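Novice: Below you will find the structure I want to go over with you.
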Amino acid sequence: MISRFNPTSGAMDFWQEFKKPTPYRWPILGVSGLMTFGLMYLFTGESVIVPPAPPKVTYISSFAAGRDEAEIIASNIENQKNQEAVAVLLERTEERKRELYRTLGRASGMDVDEIEREADKERAAIKAAEDARKVEARRRAGLPEEGSTEAALKSRVSGQAAALETEPTDAPVATPGQ
């Protein structure tokens, strides 16, 4: 088995053929060597560019550093009002789309009133499921009912403001994390 892969016999065959006096043996050897070493140069000369360093992340806070709880609650209430205004705009857009589809349905000869009743039932079922999910989530979190949230937050803020105006005591203060 070793004799089949022995390079000695191959080298001796090459040397016998190379020793024969042919006029193009040196140019053929030169071109062969040039091609071999040229390809080796191309493959070994491949450069790998190092990936750039990751960017340095700078966290930007849009909140003031020294906000107290009253300011936080007030900004949360303002955010909620903004979200409700966006929800009203989205509902108006959806109603406009429904009106366009009603017009298209009537023009196509469909029973638009029946389709609308079914869609209203589906929307009512979806809203009821979402409301039930929200009520359950609020109950699990120990939060007050949906309608009393803003009133509870305002009373909490006014209670804290009153507590800040009174004399400090030696009693331990409970923080939200406790």
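The values are calculated or read from the model by the stated rules, or taken from the named source; none is laboratory data. Predicted, not measured: the structure shown is a model, and the values here were computed from it. Heads up, the Cβs are rebuilt from the backbone with ideal geometry, glycines too, and the neighbour counts pull from every protein chain shown.
Novice: Scan region 1-33 residue by residue and report those that are at pLDDT below 85 and among the acidic types (Asp, Glu).
Specialist: 17
Novice: OK, next. Quick test for you: out of 92, 67, 96, pick the one residue that is without any contact (Cβ under 8 Å) to a residue 24 or more places away in the chain and over 30 Å from residue 116 (Cβ atoms).
Specialist: Checking each option against the conditions leaves just 67.
Novice: Just to verify a result, which residue in region 119-166, among those that are modelled with pLDDT under 65 and among the β-branched types (Val, Ile, Thr), is farthest from residue 79 (Cα to Cα)?
Specialist: Looking at the filtered set, the residue picked out is 166.
Novice: Take residue 76 and decide whether it is farther than 30 Å from residue 112 by Cβ, in contact (Cβ under 8 Å) with a residue 60 or more places away in the chain and assigned to a helix (DSSP H, G or I). Can you show your working first?
Specialist: Values: farther than 30 Å from residue 112 by Cβ: yes; in contact (Cβ under 8 Å) with a residue 60 or more places away in the chain: yes; assigned to a helix (DSSP H, G or I): yes.
For residue 76, the condition - farther than 30 Å from residue 112 by Cβ, in contact (Cβ under 8 Å) with a residue 60 or more places away in the chain and assigned to a helix (DSSP H, G or I) - is met.
Novice: Quick check, is residue 77 within 30 Å of residue 123 (Cα to Cα), surrounded by 10 or more Cβ atoms within 10 Å (Cβ to Cβ) and among the hydrophobic types (A, V, I, L, M, F, W, C)?
Specialist: Details: within 30 Å of residue 123 (Cα to Cα): yes; surrounded by 10 or more Cβ atoms within 10 Å (Cβ to Cβ): yes; among the hydrophobic types (A, V, I, L, M, F, W, C): yes.
For residue 77, the condition - within 30 Å of residue 123 (Cα to Cα), surrounded by 10 or more Cβ atoms within 10 Å (Cβ to Cβ) and among the hydrophobic types (A, V, I, L, M, F, W, C) - is met.
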